[in-house]
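To start, the structure itself, in structure tokens.
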Amino acid sequence: MRGILMTLAMFSSAAVCAEPVADLTGAARQQVKAFATTLGGTLKASMQKDGPVAAIAVCNTEAPAIASQLSTDGWQVARTSLKIRNPDNAADAWETQVLEDFSARMAAGEDPAGLEASVTDDGEFRYMKAIPTAGLCLTCHGAELAPAVEAKLAQLYPQDQARGFNVGDLRGAFTLRKVLEE
């Protein structure tokens, strides 16, 4: 039911300003693709060259830098999850609702690769795109981690909750915001 209500809310927002929302959604998808491609490439290269412990350090510095570089032209680009690694990425109420909806839709058999949500509310456009857990993610986000990986995570993320995932689980979501001009 929650998914239906969220879908109706998205369509009602879209009906009010169909063309701008379509344009904003397209722009948000491009931002997500740029973030995912850049971060994924950086992490894969670091893993191959220096191993997972070095990749954790790279992720610690590069993920926020990439998000910051993409946060231009009024966009705020970030990631969040119900099980966060970095407290700075904690979900707000809308993001939590969307993540819970994504989880329910996945449990009902929906492909996580296609899960997205958007809303226009109070002069702001918001967009989220699910991040499914891939095999490579389990090196640092799985149930069983190498001792060196655990040690580096404890050093960089003492409040880490982002473990115990399996391939295909909802790892989190890209989350974007843009204040709309009147």
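Just need a number here: residues in the range 161-182 that are among the charged types (D, E, K, R) and either touching a Ser or Thr at 6+ places or on another chain (Cβ under 8 Å) or farther than 28 Å from Ser118 by Cα (or both). Walk me through how you get there before you give the answer.
Restricting attention to the range 161-182, the residues satisfying the condition of being among the charged types (D, E, K, R) are 163, 169, 171, 177-178, 181-182.
After this cut, where a residue has to be either touching a Ser or Thr at 6+ places or on another chain (Cβ under 8 Å) or farther than 28 Å from Ser118 by Cα (or both) as well, the list is 169, 171.
Counting residues in the range 161-182 that are among the charged types (D, E, K, R) and either touching a Ser or Thr at 6+ places or on another chain (Cβ under 8 Å) or farther than 28 Å from Ser118 by Cα (or both) gives 2.
For Gln97, all conditions in the list (1) in contact (Cβ under 8 Å) with a residue 24 or more places away in the chain; (2) under 15 Å from Arg177 (Cα atoms) hold save one; what is the number of the exception?
Failing condition for Gln97: (2).
Spot the failing condition for Pro87; the list is (1) surrounded by fewer than 16 Cβ atoms within 10 Å (Cβ to Cβ); (2) without any contact (Cβ under 8 Å) to a residue 24 or more places away in the chain, and only one is missed.
Checking Pro87 against (1) surrounded by fewer than 16 Cβ atoms within 10 Å (Cβ to Cβ); (2) without any contact (Cβ under 8 Å) to a residue 24 or more places away in the chain, the one that fails is (2).
Go through the range 131-164 and count every residue that is without any contact (Cβ under 8 Å) to a residue 60 or more places away in the chain and in contact with a helix residue (DSSP H, G or I) (Cβ under 6 Å, 6 or more places away or on another chain).
Qualifying residue count for the region: 1.
Scan the range 130-160 residue by residue and report those that are surrounded by fewer than 13 Cβ atoms within 10 Å (Cβ to Cβ) and polar (S, T, N, Q).
Scanning the range 130-160 gives Gln155, Gln159.
Please verify whether the range 162-179 includes one or more residues that are under 25 Å from Asn60 (Cα atoms) and assigned to a helix (DSSP H, G or I).
no
Would you please list the contacts, defined by Cβ atoms under 6 Å and residues six or more apart or on different chains, that run from a residue in the range 15-39 that is farther than 20 Å from Thr133 by Cα and of a type in the set (S, T, N, Q) to a residue that is loosely packed, with under 15 Cβ neighbours inside 10 Å and at pLDDT below 95?
Note: no pairs meet the criteria.
The values are calculated or read from the model by the stated rules, or taken from the named source; none is laboratory data. Treat the numbers as computed from the prediction; the structure is a model and nothing was measured. All Cβ positions, glycine included, derive from the backbone under ideal geometry; neighbour counts span all protein chains shown.
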